[in-house]
Amino acid sequence: MRALRGMHRIERGTVEFGRAFEHFLIEEVRAYLSYSEKHLPLAFWRTSRGYDVDFIVGNLDLALEFTSSRLVATEKTKRLRAEHRVRKVMVVSLDPTSESSRAGSSCCR
């Protein structure tokens with residue numbers, strides 16, 4: 001669609017890239033749940049201090065955080081684990097290191 005409009009490539013590191021990255025992953029999760037016929041609710045989580053997690057799958061079964069950043073901040077997932085009883089936390093990022101796994105989160109790159 002962007003090519004048809006004559007729009008340029010989305011450059012990594014821009015806000016637009018981050019939004020596109022997050023949107024792509026959200027649609028992938030929704031497609032997976034649909035194809036696998038898992039009828040689990042999806043929710044968004046935000047604290048009164050403004051911390052958020054992109055997706056809560058099921059009844060706090062899985063928290064998913066998506067970030068196009070190369071540096072993953074694990075504070076959000078730590079807070080979610082501390083304030084709620086989330087069974088599993090997963091961070092999907094472009095971070096080439098595995099530091100987020102040290103904070104008790106799974107990390108996908």
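Suppose R0 equals 25 Å; then what is the FRET efficiency for residue 10 and residue 32 from their Cβ-Cβ distance, rounded to the nearest 0.05?
Values: r = 24 Å, r/R0 = 0.94.
After rounding, the FRET efficiency stands at 0.60.
Within a Cβ distance under 10 Å of residue 44, other residues only, what is the Lys/Arg minus Asp/Glu net charge? Don't skip to the answer; put the middle values down first.
Working: positive: 46; negative: 52, 54.
Computed value for this residue: -1.
Loop-only GluC sites (Glu not before Pro) in the range 1-62, please: DSSP not H, G, I, E or B, and at most 14 other Cβ atoms within 10 Å. Write down the numbers at each step before the final one.
Numbers: sites: 11, 16, 22, 27, 28, 37; in loops: 11, 37.
Those that pass, being in a loop and sparsely packed, are 11, 37.
Every number here is computed from the coordinates shown, using simple stated rules; none is lab data. Note that the structure is a prediction, hence the values are computed from the model and not measured. When we count neighbours, we look across all protein chains shown, and the Cβ atoms used for this are built from the backbone with ideal geometry, even at glycine.
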